[in-house]
Amino acid sequence: MTSQATSQATSPALTTPVDAAPQISLATCVAPLVEALIRDADALRLKVSRGPRDALIVDAGITAAGGLEAGRRIAEICLGGLGRVALVPAGRFSPWDTLASVSTTDPVLACLGSQYAGWSLAAGDFFALGSGPGRAIAAVETLYGELGYRDRGENVVLVLETSVVPPAEVVDEIAARCAVAPSDITLILTPTSSLAGTVQIVARVLEVALHKAHALHFPLEHIADGVGSAPICPPSPDFLTAMGRTNDAVLYGGDVHLFVHGPAEAAKDLATRLPSLASRDYGRPFGEIFAGYDCDFYKVDPLLFSPARVTVTAIDHGESFTAGGFDPILIARSFGG
(Lines give C-alpha, C1' and ligand atoms only; values in the text may rest on other atoms or scores of the structure.)
Protein backbone atom coordinates (compact mmCIF):
# COMPACT_ATOMS: atom_id res chain seq x y z
CA MET A 1 0.00 0.00 0.00
CA THR A 2 1.45 3.35 -0.98
CA SER A 3 -1.34 5.81 -0.18
CA GLN A 4 -1.32 8.04 2.86
CA ALA A 5 -4.41 9.01 4.87
CA THR A 6 -4.40 11.81 7.39
CA SER A 7 -6.90 13.99 9.23
CA GLN A 8 -6.70 17.02 11.43
CA ALA A 9 -7.39 16.62 15.15
CA THR A 10 -10.40 18.56 16.33
CA SER A 11 -9.62 21.85 18.05
CA PRO A 12 -9.94 21.43 21.83
CA ALA A 13 -13.08 22.81 23.44
CA LEU A 14 -13.17 23.87 27.06
CA THR A 15 -15.55 23.06 29.83
CA THR A 16 -15.50 23.92 33.53
CA PRO A 17 -16.12 20.90 35.80
CA VAL A 18 -17.23 21.57 39.35
CA ASP A 19 -14.35 22.37 41.72
CA ALA A 20 -11.78 22.30 38.93
CA ALA A 21 -9.91 24.62 36.62
CA PRO A 22 -11.10 24.75 33.01
CA GLN A 23 -10.32 21.48 31.26
CA ILE A 24 -10.57 20.08 27.77
CA SER A 25 -13.80 18.15 27.22
CA LEU A 26 -13.11 14.92 25.37
CA ALA A 27 -16.83 14.57 24.64
CA THR A 28 -16.89 17.96 22.94
CA CYS A 29 -13.66 17.40 21.01
CA VAL A 30 -14.73 14.03 19.64
CA ALA A 31 -18.28 14.95 18.63
CA PRO A 32 -17.42 16.18 15.08
CA LEU A 33 -15.41 13.01 14.41
CA VAL A 34 -18.29 10.77 15.47
CA GLU A 35 -20.76 12.79 13.42
CA ALA A 36 -18.50 12.47 10.36
CA LEU A 37 -18.07 8.72 10.88
CA ILE A 38 -21.84 8.22 10.94
CA ARG A 39 -22.41 10.60 8.01
CA ASP A 40 -19.84 8.74 5.91
CA ALA A 41 -20.92 5.26 7.04
CA ASP A 42 -21.85 4.02 3.57
CA ALA A 43 -18.57 5.18 2.04
CA LEU A 44 -16.65 3.61 4.94
CA ARG A 45 -18.64 0.35 4.62
CA LEU A 46 -20.07 0.64 8.12
CA LYS A 47 -23.57 -0.23 9.32
CA VAL A 48 -25.35 2.16 11.68
CA SER A 49 -28.47 1.07 13.51
CA ARG A 50 -30.36 1.33 16.78
CA GLY A 51 -29.63 -1.58 19.09
CA PRO A 52 -30.57 -2.63 22.62
CA ARG A 53 -32.34 0.14 24.57
CA ASP A 54 -32.17 2.28 21.42
CA ALA A 55 -28.40 2.79 21.73
CA LEU A 56 -26.69 3.75 18.48
CA ILE A 57 -24.59 0.85 17.16
CA VAL A 58 -21.83 1.39 14.61
CA ASP A 59 -20.80 -1.97 13.17
CA ALA A 60 -17.24 -1.74 11.85
CA GLY A 61 -16.63 -5.39 11.08
CA ILE A 62 -19.24 -7.77 12.51
CA THR A 63 -21.63 -7.89 9.55
CA ALA A 64 -20.26 -4.74 7.90
CA ALA A 65 -17.11 -4.89 5.79
CA GLY A 66 -15.42 -1.86 7.35
CA GLY A 67 -11.86 -1.18 6.24
CA LEU A 68 -8.54 0.51 6.92
CA GLU A 69 -9.87 4.06 6.65
CA ALA A 70 -12.71 3.24 9.04
CA GLY A 71 -10.16 1.88 11.50
CA ARG A 72 -8.02 4.99 11.17
CA ARG A 73 -10.96 7.25 11.92
CA ILE A 74 -12.09 5.07 14.82
CA ALA A 75 -8.58 5.25 16.26
CA GLU A 76 -8.82 9.05 16.27
CA ILE A 77 -12.18 8.77 18.03
CA CYS A 78 -10.52 6.52 20.62
CA LEU A 79 -8.03 9.36 21.19
CA GLY A 80 -10.90 11.65 22.12
CA GLY A 81 -10.39 14.02 19.21
CA LEU A 82 -6.96 14.98 20.59
CA GLY A 83 -4.91 12.85 18.22
CA ARG A 84 -4.03 12.25 14.62
CA VAL A 85 -3.61 8.80 13.06
CA ALA A 86 -2.11 8.36 9.60
CA LEU A 87 -1.41 5.33 7.42
CA VAL A 88 2.07 5.93 6.07
CA PRO A 89 4.40 3.94 3.79
CA ALA A 90 7.68 2.76 5.29
CA GLY A 91 10.33 0.14 4.57
CA ARG A 92 10.66 -1.15 8.11
CA PHE A 93 9.25 -4.67 7.63
CA SER A 94 8.88 -5.45 3.95
CA PRO A 95 6.44 -6.55 2.61
CA TRP A 96 4.34 -5.17 5.50
CA ASP A 97 5.33 -1.62 4.67
CA THR A 98 2.41 0.42 6.00
CA LEU A 99 2.57 1.93 9.47
CA ALA A 100 -0.07 3.39 11.73
CA SER A 101 1.53 6.68 12.82
CA VAL A 102 0.12 8.36 15.94
CA SER A 103 0.55 11.82 17.44
CA THR A 104 -1.53 13.79 19.92
CA THR A 105 -1.91 17.29 21.33
CA ASP A 106 -2.08 15.87 24.88
CA PRO A 107 -0.65 12.34 25.12
CA VAL A 108 -1.65 11.61 28.71
CA LEU A 109 -5.27 12.69 28.34
CA ALA A 110 -5.68 11.34 24.81
CA CYS A 111 -4.03 7.98 25.45
CA LEU A 112 -4.79 7.20 29.09
CA GLY A 113 -7.86 9.36 29.61
CA SER A 114 -9.55 8.17 26.42
CA GLN A 115 -7.87 5.52 24.25
CA TYR A 116 -6.86 3.03 26.94
CA ALA A 117 -9.26 0.06 27.08
CA GLY A 118 -9.84 0.26 30.81
CA TRP A 119 -13.59 -0.12 31.39
CA SER A 120 -14.65 -3.76 31.88
CA LEU A 121 -18.18 -4.33 30.61
CA ALA A 122 -19.78 -7.72 31.16
CA ALA A 123 -23.21 -9.35 31.25
CA GLY A 124 -23.90 -13.07 30.90
CA ASP A 125 -21.54 -14.46 28.26
CA PHE A 126 -20.64 -11.00 26.98
CA PHE A 127 -17.38 -9.31 27.91
CA ALA A 128 -15.53 -6.39 26.35
CA LEU A 129 -13.20 -3.63 27.43
CA GLY A 130 -14.48 -0.15 26.70
CA SER A 131 -12.18 2.53 25.32
CA GLY A 132 -12.80 6.03 24.07
CA PRO A 133 -14.02 9.34 25.51
CA GLY A 134 -17.08 7.89 27.24
CA ARG A 135 -14.78 6.38 29.85
CA ALA A 136 -14.01 9.84 31.19
CA ILE A 137 -17.70 10.58 31.72
CA ALA A 138 -18.25 7.40 33.74
CA ALA A 139 -14.85 7.70 35.45
CA VAL A 140 -15.29 4.32 37.14
CA GLU A 141 -11.55 3.60 36.96
CA THR A 142 -9.21 4.73 39.74
CA LEU A 143 -6.97 6.11 36.98
CA TYR A 144 -9.18 9.21 36.72
CA GLY A 145 -8.48 10.08 40.33
CA GLU A 146 -4.78 10.02 39.52
CA LEU A 147 -5.32 12.13 36.42
CA GLY A 148 -7.52 14.57 38.32
CA TYR A 149 -9.94 14.52 35.42
CA ARG A 150 -13.60 13.80 34.83
CA ASP A 151 -15.59 14.83 31.80
CA ARG A 152 -19.23 15.76 31.40
CA GLY A 153 -21.33 15.28 28.32
CA GLU A 154 -24.78 14.39 27.10
CA ASN A 155 -23.50 11.97 24.46
CA VAL A 156 -21.38 8.96 25.41
CA VAL A 157 -19.09 7.33 22.84
CA LEU A 158 -17.29 4.04 23.48
CA VAL A 159 -15.29 1.73 21.24
CA LEU A 160 -15.56 -1.99 22.01
CA GLU A 161 -13.32 -4.71 20.60
CA THR A 162 -16.03 -7.33 20.12
CA SER A 163 -17.63 -9.53 17.49
CA VAL A 164 -21.14 -9.37 19.00
CA VAL A 165 -23.55 -6.56 19.84
CA PRO A 166 -23.60 -5.87 23.61
CA PRO A 167 -26.77 -6.92 25.45
CA ALA A 168 -29.24 -4.48 26.99
CA GLU A 169 -27.70 -4.98 30.44
CA VAL A 170 -24.40 -3.48 29.26
CA VAL A 171 -26.17 -0.50 27.74
CA ASP A 172 -28.04 -0.03 31.03
CA GLU A 173 -24.77 -0.03 32.98
CA ILE A 174 -23.20 2.55 30.69
CA ALA A 175 -26.28 4.77 30.91
CA ALA A 176 -26.37 4.57 34.71
CA ARG A 177 -22.66 5.25 35.14
CA CYS A 178 -22.72 8.19 32.73
CA ALA A 179 -26.13 9.55 33.82
CA VAL A 180 -27.47 9.67 30.27
CA ALA A 181 -30.37 8.09 28.42
CA PRO A 182 -29.49 4.84 26.60
CA SER A 183 -30.41 6.54 23.30
CA ASP A 184 -27.56 9.00 23.91
CA ILE A 185 -24.97 6.20 23.83
CA THR A 186 -22.94 5.38 20.71
CA LEU A 187 -21.10 2.05 20.66
CA ILE A 188 -18.55 1.52 17.89
CA LEU A 189 -17.86 -2.22 17.49
CA THR A 190 -14.55 -3.39 15.99
CA PRO A 191 -13.84 -7.15 15.96
CA THR A 192 -10.18 -8.07 16.38
CA SER A 193 -10.23 -10.01 13.11
CA SER A 194 -11.57 -7.08 11.06
CA LEU A 195 -9.57 -4.56 9.05
CA ALA A 196 -10.92 -1.67 11.13
CA GLY A 197 -10.19 -3.56 14.33
CA THR A 198 -6.63 -4.27 13.22
CA VAL A 199 -5.89 -0.59 12.57
CA GLN A 200 -7.48 0.75 15.75
CA ILE A 201 -5.57 -1.80 17.87
CA VAL A 202 -2.17 -1.20 16.22
CA ALA A 203 -2.77 2.55 16.59
CA ARG A 204 -2.55 2.05 20.37
CA VAL A 205 1.25 1.92 20.15
CA LEU A 206 1.70 5.29 21.88
CA GLU A 207 -0.95 4.48 24.49
CA VAL A 208 0.85 1.22 25.33
CA ALA A 209 4.02 3.22 26.08
CA LEU A 210 2.10 5.70 28.24
CA HIS A 211 0.43 2.89 30.14
CA LYS A 212 3.74 1.17 30.86
CA ALA A 213 5.34 4.46 31.91
CA HIS A 214 2.47 4.81 34.38
CA ALA A 215 3.02 1.23 35.59
CA LEU A 216 6.71 2.06 36.12
CA HIS A 217 5.61 5.04 38.27
CA PHE A 218 7.10 7.65 35.97
CA PRO A 219 5.35 10.97 36.77
CA LEU A 220 2.69 11.43 34.11
CA GLU A 221 2.84 15.20 34.52
CA HIS A 222 6.44 15.06 33.26
CA ILE A 223 5.37 13.62 29.88
CA ALA A 224 5.10 16.60 27.55
CA ASP A 225 4.60 14.95 24.17
CA GLY A 226 5.08 11.81 22.15
CA VAL A 227 4.72 10.08 18.81
CA GLY A 228 4.52 6.44 17.86
CA SER A 229 4.19 4.02 14.95
CA ALA A 230 3.68 0.31 14.34
CA PRO A 231 3.16 -1.86 11.24
CA ILE A 232 -0.33 -2.72 10.02
CA CYS A 233 -0.52 -6.49 10.29
CA PRO A 234 -2.63 -8.73 8.05
CA PRO A 235 -5.92 -9.67 9.75
CA SER A 236 -6.98 -13.25 10.33
CA PRO A 237 -10.44 -14.79 10.66
CA ASP A 238 -9.08 -16.76 13.62
CA PHE A 239 -9.40 -14.63 16.77
CA LEU A 240 -6.25 -15.92 18.50
CA THR A 241 -4.14 -15.41 15.39
CA ALA A 242 -5.54 -11.92 14.88
CA MET A 243 -4.92 -11.02 18.53
CA GLY A 244 -1.39 -12.36 18.33
CA ARG A 245 -0.55 -10.34 15.23
CA THR A 246 -1.90 -7.04 16.55
CA ASN A 247 0.11 -7.48 19.75
CA ASP A 248 3.26 -8.48 17.86
CA ALA A 249 2.97 -5.38 15.67
CA VAL A 250 3.58 -3.29 18.80
CA LEU A 251 5.81 -5.63 20.84
CA TYR A 252 8.28 -6.35 18.03
CA GLY A 253 7.61 -3.55 15.54
CA GLY A 254 6.41 -0.56 17.55
CA ASP A 255 8.45 2.62 17.83
CA VAL A 256 7.73 5.44 20.31
CA HIS A 257 9.46 8.73 21.04
CA LEU A 258 8.53 10.46 24.30
CA PHE A 259 9.52 13.99 25.29
CA VAL A 260 9.72 14.45 29.05
CA HIS A 261 10.60 17.03 31.68
CA GLY A 262 12.81 16.31 34.67
CA PRO A 263 16.31 14.98 35.21
CA ALA A 264 18.15 13.41 32.29
CA GLU A 265 18.88 10.38 34.46
CA ALA A 266 15.16 9.77 34.91
CA ALA A 267 14.66 9.93 31.14
CA LYS A 268 17.48 7.46 30.64
CA ASP A 269 16.02 5.09 33.23
CA LEU A 270 12.60 5.25 31.57
CA ALA A 271 14.08 4.51 28.16
CA THR A 272 15.92 1.50 29.54
CA ARG A 273 12.90 0.00 31.31
CA LEU A 274 10.18 0.82 28.80
CA PRO A 275 10.75 -1.46 25.75
CA SER A 276 9.17 -4.92 25.52
CA LEU A 277 12.70 -6.38 25.55
CA ALA A 278 12.75 -5.77 29.33
CA SER A 279 10.06 -8.43 29.88
CA ARG A 280 10.72 -12.03 30.86
CA ASP A 281 8.21 -13.13 28.18
CA TYR A 282 9.94 -11.34 25.32
CA GLY A 283 11.16 -13.36 22.35
CA ARG A 284 8.23 -15.39 20.98
CA PRO A 285 5.13 -14.48 19.00
CA PHE A 286 2.39 -13.36 21.36
CA GLY A 287 0.11 -16.18 20.22
CA GLU A 288 2.66 -18.72 21.48
CA ILE A 289 3.16 -16.85 24.75
CA PHE A 290 -0.60 -16.67 25.29
CA ALA A 291 -1.08 -20.39 24.55
CA GLY A 292 1.76 -21.22 26.91
CA TYR A 293 -0.19 -19.60 29.73
CA ASP A 294 -3.34 -21.65 28.88
CA CYS A 295 -4.85 -18.58 27.19
CA ASP A 296 -4.95 -16.74 30.52
CA PHE A 297 -4.20 -13.13 29.65
CA TYR A 298 -3.44 -12.23 33.27
CA LYS A 299 -0.57 -14.73 33.50
CA VAL A 300 1.39 -12.90 30.81
CA ASP A 301 4.06 -10.59 32.21
CA PRO A 302 2.38 -7.14 32.15
CA LEU A 303 5.76 -5.55 31.39
CA LEU A 304 5.68 -7.22 27.97
CA PHE A 305 3.02 -4.83 26.72
CA SER A 306 5.19 -2.03 25.39
CA PRO A 307 6.77 -0.94 22.09
CA ALA A 308 9.82 -2.66 20.66
CA ARG A 309 11.95 0.49 20.52
CA VAL A 310 11.69 3.59 22.68
CA THR A 311 13.47 6.93 22.59
CA VAL A 312 13.06 9.31 25.52
CA THR A 313 14.21 12.91 25.18
CA ALA A 314 14.89 14.97 28.31
CA ILE A 315 13.75 18.27 26.84
CA ASP A 316 15.13 20.36 29.73
CA HIS A 317 18.62 19.05 29.03
CA GLY A 318 18.61 18.28 25.28
CA GLU A 319 19.62 14.65 25.78
CA SER A 320 17.97 11.59 24.21
CA PHE A 321 18.17 7.92 25.14
CA THR A 322 17.14 4.94 23.02
CA ALA A 323 16.64 1.32 24.07
CA GLY A 324 15.17 -1.85 22.60
CA GLY A 325 14.95 -2.64 18.92
CA PHE A 326 12.82 -4.13 16.16
CA ASP A 327 12.62 -7.86 15.49
CA PRO A 328 11.82 -8.35 11.79
CA ILE A 329 12.22 -12.13 12.09
CA LEU A 330 9.46 -12.36 14.70
CA ILE A 331 7.30 -9.96 12.72
CA ALA A 332 7.64 -12.17 9.63
CA ARG A 333 6.95 -15.30 11.69
CA SER A 334 3.81 -13.75 13.16
CA PHE A 335 2.43 -11.93 10.11
CA GLY A 336 3.26 -14.66 7.60
CA GLY A 337 1.98 -17.62 9.61
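The values are calculated or read from the model by the stated rules, or taken from the named source; none is laboratory data. This one's a predicted model, so the numbers in the text were calculated from it and none came from an experiment. Cβ placement follows ideal geometry from the backbone for every residue including glycine, while neighbour counts extend to all protein chains displayed. Side chains are part of the model used for accessible areas, which takes the heavy atoms of the whole protein and leaves out ligands, DNA and RNA. Shrake-Rupley method; radii C 1.70, N 1.55, O 1.52, S 1.80 Å.
Select from 142, 98, 272 the residue whose mean-square fluctuation is largest in a Gaussian network model of the chain (Cα-Cα springs shorter than 10 Å).
Largest GNM mean-square fluctuation: 142.
Given 0.36 nm per residue, what is the gain on full extension from residue 49 to residue 224 after removing their alpha carbon distance, in nm? If you can, show how the numbers build up before the last one.
Numbers: separation 175, 0.36 × 175 = 63.00 nm, distance 3.96 nm.
Full-extension gain reported as 59.0 nm.
Using the Cβ atoms and a cut-off under 14 Å, what net charge is assigned to the surroundings of residue 91, where Lys and Arg are +1 and Asp and Glu are -1? Write out the running numbers ahead of the final one.
Details: positive: 92; negative: 97, 255.
My count for the surroundings of residue 91 gives -1.
Rounded, prolate or oblate: which fits the range 81-227 when a ≥ b ≥ c are the square roots of the eigenvalues of the alpha-carbon gyration tensor, with rounded for a/c under 1.5 and prolate only if a/b beats b/c? Before the final figure, lay out the partial values.
Details: a/c = 2.09, a/b = 1.27, b/c = 1.64.
It comes out oblate by the Cα gyration axes.
Can you give the local net charge around residue 82? Use residues other than it whose beta-carbon is closer than 15 angstrom to its beta-carbon, Lys and Arg +1, Asp and Glu -1. Mind dumping the intermediate values first?
Values: positive: 73, 84, 135, 204; negative: 76, 106, 151, 207, 225.
Net local charge, residue 82 excluded: -1.
Name the shape class, rounded, prolate or oblate, that the alpha-carbon gyration tensor gives for the range 55-134, where a ≥ b ≥ c are the square roots of its eigenvalues, rounded holds for a/c under 1.5, and otherwise prolate holds if a/b is larger than b/c and oblate otherwise. Don't jump to the answer; show the numbers that get you there.
Working: a/c = 2.08, a/b = 1.35, b/c = 1.54.
Oblate.
For the range 141-192, rounded, prolate or oblate, judged on the Cα gyration tensor with a ≥ b ≥ c (square roots of eigenvalues), a/c < 1.5 rounded, else prolate if a/b > b/c? Could you put the intermediate results ahead of the total?
Values: a/c = 2.13, a/b = 1.39, b/c = 1.53.
Taking the square roots of the gyration eigenvalues as a ≥ b ≥ c, the range 141-192 is oblate.
Can you list the lysines whose alpha carbon sits under 28 Å from that of residue 299, skipping same-chain ones fewer than 8 residues off?
Cα-Cα hits under 28 Å: 212.
For the chain, what is the accessible area per residue in Å², given a 1.4 Å probe and the full set of protein chains? Provide the component values of the computation, followed by the final result.
Numbers: 13660 Å² over 337 residues.
For the chain, the solvent-accessible area averages 41 Å² per residue.
Provide the packing ranking of 230-242, 319-331, i.e. peptides ordered by the mean count of other C-beta atoms within 10 Å per residue, highest first.
230-242, 319-331
Kindly provide log₁₀ I(q)/I(0) values, in the same order as q = 0.13 Å⁻¹, from the Debye equation applied to equal alpha-carbon scatterers of the chain.
Each listed q corresponds, in turn, to -0.95.
If we count every other residue with Cβ under 9 angstrom of residue 229's Cβ, Lys/Arg +1 and Asp/Glu -1, where does the sum land? Before the final figure, lay out each step's value.
Working: positive: 92; negative: 255.
So the environment of residue 229 carries a net charge of 0.
Give me the percent relative contact order of the range 262-337, please, defined on Cα pairs under 8 angstrom at least 6 residues apart.
So the answer I get is 39 percent.
Express in whole angstrom the spacing between the alpha-carbon centres of the range 34-97 and the range 271-293.
29 Å
Could the peptides 243-255, 123-135 be put in order, highest first, of the mean number of other beta-carbon atoms found within 10 Å of their residues?
Details: 243-255: 28.1, 123-135: 20.6.
Final packing ranking: 243-255, 123-135.
Check every DSSP H run in the chain and write down those whose alpha carbon atoms cover 24 angstrom or more along the long axis and whose mean Kyte-Doolittle hydropathy is -1.0 or greater.
Working: long enough: none.
Qualifying helices, which must be both long enough and hydrophobic enough, do not occur.
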